[in-house]
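What follows is one structure encoded as structure tokens, with my remarks underneath.
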Amino acid sequence: MKVFMFNKAKYLLVRSIVFFVVTLVVTMGNANASCDANSCTNQIYKIYTDDATTYVQLSTSGNEQAGNCALLGGVFATVPTSNPNYKALLSNIMIAYTMNLTITLRYFDGPGCKVAYLYLDKSH
């Protein structure tokens, strides 16, 4: 009976440590989220598309505002279908979303934070 108790206690300790480490890693990943005057960097949290625009929301640690533009609804960058590079931008956004890559969205100044260009980064 003592052997069973020891194994159960060991199992609970290991499970608690694993949970703590996973929580720490996930929290640290979101702590790197950042926005500056012209761009935001992190993983993509949400995407939705209508007939005229694709809307992109990045996961952030509370600083969603890019200095020189107003994110739509306070959280969404926009990629209008009228953008001549729309297909390339959307393809890279989808790759970043699917593969959980860090992406930097650089915005034009003005309302809606229209994406001027982006880049992907595997190092984060």
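The values are calculated or read from the model by the stated rules, or taken from the named source; none is laboratory data. This one's a predicted model, so the numbers in the text were calculated from it and none came from an experiment. Note that we place each Cβ from the backbone using ideal geometry, even for glycine, and neighbour counts take in every protein chain shown. Please note that ligands, DNA and RNA were not included when accessible areas were found on the heavy atoms of the full protein model with its side chains. Shrake-Rupley method; radii C 1.70, N 1.55, O 1.52, S 1.80 Å.
From ALA66, ALA77, grab the single residue that is buried (at least 20 other Cβ atoms within 10 Å of the Cβ), of a type outside the set (Val, Ile, Thr), at pLDDT below 90 and within 16 Å of LEU120 (Cβ to Cβ).
Details: ALA66 fails: within 16 Å of LEU120 (Cβ to Cβ).
Sole residue among the options that is buried (at least 20 other Cβ atoms within 10 Å of the Cβ), of a type outside the set (Val, Ile, Thr), at pLDDT below 90 and within 16 Å of LEU120 (Cβ to Cβ): ALA77.
Return the pair list, or none, for Cβ contacts closer than 8 Å from residues in the range 67-92 that are without any contact (Cβ under 8 Å) to a residue 40 or more places away in the chain and hydroxyl-bearing (Ser, Thr, Tyr) to residues that are open to solvent by 60 Å² or more (accessible area, probe 1.4 Å) and not in a helix (DSSP H, G or I), at least 6 apart or on different chains.
Here the result reads THR78/LEU72; THR78/LYS114; THR81/ASP51, each pair linking the range 67-92 to a residue that is open to solvent by 60 Å² or more (accessible area, probe 1.4 Å) and not in a helix (DSSP H, G or I).
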